[in-house]
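The values are calculated or read from the model by the stated rules, or taken from the named source; none is laboratory data. Just so it is clear, the structure is predicted and the values come from calculations on it, not from any experiment. Cβ atoms come from the backbone with ideal geometry, glycine included; neighbour counts cover every protein chain shown. Just the protein is used for accessible areas: all its heavy atoms, side chains included, with ligands, DNA and RNA removed. Shrake-Rupley method; radii C 1.70, N 1.55, O 1.52, S 1.80 Å.
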Amino acid sequence: MSAPSVRLVALDIDGTLLRSDRTLSERTREAVARTRAGGVRVVLVTGRRHPSARRVADELGELLPLVVHNGALVVEEGRIIRCRPLARDVAARAVRAGRGCGAEPIVHCGERGEGWLLVDAHAQPTGLVGYYLERAGSEVRRVDDVLEALAREVPIQVMFGGPRAEMEELVAALGARLTDDARLERTVYPATDFALVDVLDPGVGKAEALGFLQARWGIAAAETLAIGDNWNDRSMLEAAGRGLLMGNAPSELRALGLPVLPTNDEDGVAHAIEAHVLC
C-alpha cells in the first residue's frame, strides 16, 4: 500500500528552514510556494517568539500559520487561536532554580503574542541576554526583579542559555525542582558548545500543538510531513507520518534512526518537499 499523500508540511525555522546565515535559499522559497499553491498546508513550528517567527513567515507569504514558543502559542490568519501560558508560581520556581545555578533567566511574556522579554536590570549584557538586547532591544524589558514583575505579566516560558555542560546541570536542577509541573525542552549547538533550556507548561510541545492543528484542519498524522534539526523537534518528528531530520542535527539525535536529509546549507527542506510533496 502506498503512503498517504502529504496534506500538511510542518517546518522548524532555525537550522531547518533557514541557512546558517539565517537566510532563505531561493530553492527553498520556491518549494514552499509551490507546496502552498498546490493546496498543501504549511506551518512553521518553532521555539521562537511570535514577532521573530512572523518576520520569517512573512518572507514565505501572507498569514502563514505559526506554532511558536515550542507549542505554547498557536497562530492562524494572524490571530492567536490558543495560548498555554506557564503558571506564575512554576515560572518563579524556575527563575529561583536558575539563579541557584548561576544562570540568568529570561522570561517570555504576552498571551497575545507580544513577545516581551523580561530580564533583570542587573543582568550582565553578555551571552543570551546580550543576544536579545542586540536583536530584540525594543521588546526587552529590563526590570528591577523578574520575580516581582511576574505578578504583573503572563509568562509563556522561562529561558536559559549557556555552555552545554552548564545547561545539562541546570536541566537536572530544574527537573528536581519542578518535577511534573513543567516541560523542559533543550536545543543544543555542539559546534559552538551552546545550549538553550526552555521551561514550559507541562502540556506544551511541538507534537501536541501540531496535533491540535491536525484536528482543527481534519488532517491525519499520516498525512503530515515534519522536518526539524534539534531535540525540541524530536516529538514532532516521531509523531508525524513522515518525520525527517536535517543533516546538521546533533550527532546524538541523528543516531536515533530518523531519516536524514541534506543540511540546511544544502537545501535539505527543498529536497524533502520535492521528493515527498511535489513529486
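How many of the residues making up segment 206-229 are buried (at least 23 other Cβ atoms within 10 Å of the Cβ), closer than 25 Å to ALA182 by Cβ and not basic (Lys, Arg)? It would help to see each step written out before you state the result.
Just the residues of segment 206-229 that are buried (at least 23 other Cβ atoms within 10 Å of the Cβ), to begin with: 206, 209-210, 224-229.
Cutting the leftovers down to closer than 25 Å to ALA182 by Cβ gives us 206, 209-210, 226, 228-229.
With not basic (Lys, Arg) added as a condition, the list becomes 209-210, 226, 228-229.
Selection size over segment 206-229: 5.
Which pairs do you get when a residue that is over 14 Å from VAL42 (Cβ atoms), found in segment 213-224, comes within reach of a residue that is at pLDDT below 95 and assigned to a loop (DSSP other than H, G, I, E, B), reach meaning Cβ atoms under 6 angstrom, with the pair 6+ apart or on two chains?
ALA222/PRO4
Only one residue in ASN248, ASN232 is open to solvent by 30 Å² or more (accessible area, probe 1.4 Å) and either within 25 Å of GLY203 (Cα to Cα) or not acidic (Asp, Glu) (or both). Which one?
The conditions single out ASN248.
Could you check segment 64-113 and list, in sequence order, the residues that are small (Gly, Ala, Ser) and touching a His at 6+ places or on another chain (Cβ under 8 Å)? Walk me through it before giving the result.
First, pick out the residues of segment 64-113 that are small (Gly, Ala, Ser): 71-72, 78, 87, 91-92, 94, 97-98, 100, 102-103, 110, 113.
Within segment 64-113, GLY110, GLY113 meet the criteria.
Scan segment 1-36 for residues that are part of a loop (DSSP other than H, G, I, E, B) and not aliphatic (A, V, I, L, M) and jot them down. Break it down into steps so the answer makes sense when it comes.
Going residue by residue through segment 1-36, those that are part of a loop (DSSP other than H, G, I, E, B) are 1-7, 12, 18-25.
Hits for segment 1-36 are SER2, PRO4, SER5, ARG7, ASP12, ARG19, SER20, ASP21, ARG22, THR23, SER25.
Name the residue, out of LEU63, LEU86, LEU18, that is farther than 27 Å from LEU150 by Cβ, among the aliphatic types (A, V, I, L, M) and either under 16 Å from the mean Cα position of the chain (by Cα) or modelled with pLDDT of 95 or more (or both). Let's see the steps before the verdict.
Numbers: LEU63 fails: either under 16 Å from the mean Cα position of the chain (by Cα) or modelled with pLDDT of 95 or more (or both); LEU86 fails: farther than 27 Å from LEU150 by Cβ.
Matching residue, one of LEU63, LEU86, LEU18: LEU18.
Considering only segment 14-39, state which residues are among the hydrophobic types (A, V, I, L, M, F, W, C) and surrounded by 14 or more Cβ atoms within 10 Å (Cβ to Cβ).
Within segment 14-39, the first condition is being among the hydrophobic types (A, V, I, L, M, F, W, C), and the residues that meet it are 17-18, 24, 31-33, 37.
Scanning segment 14-39 gives LEU17, LEU18, LEU24, ALA31, VAL32.
What is the one condition in (1) out of contact with any His (no Cβ under 7 Å at 6 or more places or on another chain); (2) assigned to a strand (DSSP E or B) that MET236 does not satisfy?
(2)
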